[in-house]
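The values are calculated or read from the model by the stated rules, or taken from the named source; none is laboratory data. None of the values given here were measured: they were computed from a predicted structure. No Cβ is skipped: glycine too gets one built from the backbone with ideal geometry, and neighbour counts run over all protein chains shown. Ligands, DNA and RNA are excluded from the accessible area calculation, which covers all protein heavy atoms including side chains. Shrake-Rupley method; radii C 1.70, N 1.55, O 1.52, S 1.80 Å.
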Amino acid sequence: MAFRRRNKSYPFFSQEFLIQNHADIVFSLVIFILIGLMFEATAKTAILFIQPQYNITTLSLEGEVTTYHYGWKDCATILFYFFIAIILHAVVQEYLLDKVNRRLHLSKSKNTKFNESGQLGVFHLVSSVWSFYILITEGYLLHPSSLWENYPHSHLRFQVKFFYLTQLAYWLHALPELYFQKVRKEEIPRQLQYICLYLLHISVAYLLNLSRVGLVLLFLQYVSELGFHIARLLYFTDENHQKMFDLWAVSFVFTRMATLTLMFLAVGFGLARCENQGLDIEMGNFNTVLIRMTVLLVVCLTQSWLLWKFIRFQLRRWREFRHEQAVRKKATAKQPMRQLKRDTCELLR
């Protein structure tokens with residue numbers, strides 16, 4: 001299975017060979033793991049990579065209910081879907097983005113941003129729809145108090161745990177993709193910032209059993225970011241499409257305010273009133289004042305930093321717009337004077 005056109009062959013195990021064929025190499029590893037399911041001797045090991053582990057079956061009024069908690073075996077599952085994310089990244093790039101790029105004839109800098117927004121646009125669309133579906137089926141939106149009641153939420157439904165594992169796998173895969181996609185050096189720090197922020201917040205929500213609050217926050221964030229990447233893709237196709245950026249700006253500020261409000265409501269007030277106060281790692285209870293304040297501080301600092309960057313960007317954009325307007329006014333004011341001089345010269349002749 002070849003994901004990219006081979007215009008030139010490179011020596012085995014060279015840097016260019018690895019970059020050009022990384023999706024095929026990873027695809028071979030995935031096939032190797034799937035073949036392991038076919039044999040009894042290796043099936044138990046192979047299933048660790050494919051299916052979430054640590055399942056618990058309990059009896060309820062609805063019948064048998066299977067829930068999951070986390071452990072070190074999740075690393076194997078994350079690794080497998082890390083490989084899947086690399087393959088899907090190559091498929092989207094080869095069969096969608098590269099074809100559009102050939103028609104648009106963008107510059108190198110715009111081409112890099114177009115590919116970034118194309119990849120993240122697809123991911124945010126899938127993740128926002130998926131997270132919204134989970135929020136509806138689990139009833140978290142209709143009953144907001146369930147976000148902090150009966151904490152710790154250490155036993156997760158299959159779809160909730162699988163969502164978190166795939167989220168961690170995707171953002172981990174984004175790190176080597178900086179190398180595989182030959183991202184420009186000046187773009188790497190910016191991309192590393194948001195990749196590490198996603199990994200930090202998703203890991204904290206998963207490990208501290210704040211999965212319900214984390215789902216709502218991820219849904220809000222992904223919807224906002226989806227609007228940004230759609231606006232940027234439209235801008236690259238036609239630079240006159242800039243109204244989407246104004247809509248995204250409104251959603252960005254709303255997302256920051258909603259995130260801070262929800263965190264203070266759920267963590268600052270909801271968990272503070274729960275009866276099970278204290279630290280119990282075996283039970284998955286991390287409801288202490290220090291941990292709550294640390295989580296709130298991290299989220300508040302992150303949201304404040306994002307707002308600060310957003311305000312700086314908008315101010316710079318406003319100054320550039322004002323400068324362009326001033327230049328245009330001067331140009332239009334000079335045109336009548338130039339025409340008058342031309343008419344005077346013609347009369348004198």
- Query: In the stretch 270-287, how many residues are open to solvent by 30 Å² or more (accessible area, probe 1.4 Å) and assigned to a helix (DSSP H, G or I)?
  - Reply: 2
- Query: Considering the stretch 97-148 alone, what residues qualify as being among the hydroxyl-bearing types (Ser, Thr, Tyr) and touching a residue at least 40 places away in the same chain (Cβ under 8 Å)?
  - Reply: Ser109, Thr112, Ser117, Ser127, Ser128, Ser131, Tyr140, Ser145, Ser146
- Note on the structure: Taking the stretch 288-321 and the residues there that are among the polar types (S, T, N, Q) and either under 24 Å from Met257 (Cα atoms) or open to solvent by 100 Å² or more (accessible area, probe 1.4 Å) (or both), the one that is modelled with the lowest pLDDT would be Gln314
- Query: Does any residue of the stretch 62-73 turn out to be touching a Pro at 6+ places or on another chain (Cβ under 6 Å), of a type in the set (Ser, Thr, Tyr), modelled with pLDDT under 95 and farther than 17 Å from Gln181 by Cα?
  - Reply: yes
- Message: Scan the stretch 250-269 and tell me whether some residue there is assigned to a helix (DSSP H, G or I), open to solvent by 70 Å² or more (accessible area, probe 1.4 Å) and closer than 30 Å to Leu97 by Cα.
- Response: yes
- Query: So which helices (runs of 4 or more DSSP H) stay within the stretch 82-197 end to end and still have 2 or more residues that are of a type in the set (Asp, Glu) and open to solvent by less than 70 Å² (accessible area, probe 1.4 Å)?
  - Reply: 108-138
- Of all residues in the stretch 236-249 being open to solvent by less than 50 Å² (accessible area, probe 1.4 Å) and in contact (Cβ under 8 Å) with a residue 60 or more places away in the chain, the one that is farthest from Arg212 (Cα to Cα): Phe236
- Take the stretch 56-82 and flag every residue that is touching a His at 6+ places or on another chain (Cβ under 9 Å) and either in contact (Cβ under 8 Å) with a residue 60 or more places away in the chain or among the acidic types (Asp, Glu) (or both). Ile56, Thr67, Tyr68, His69, Tyr81, Phe82
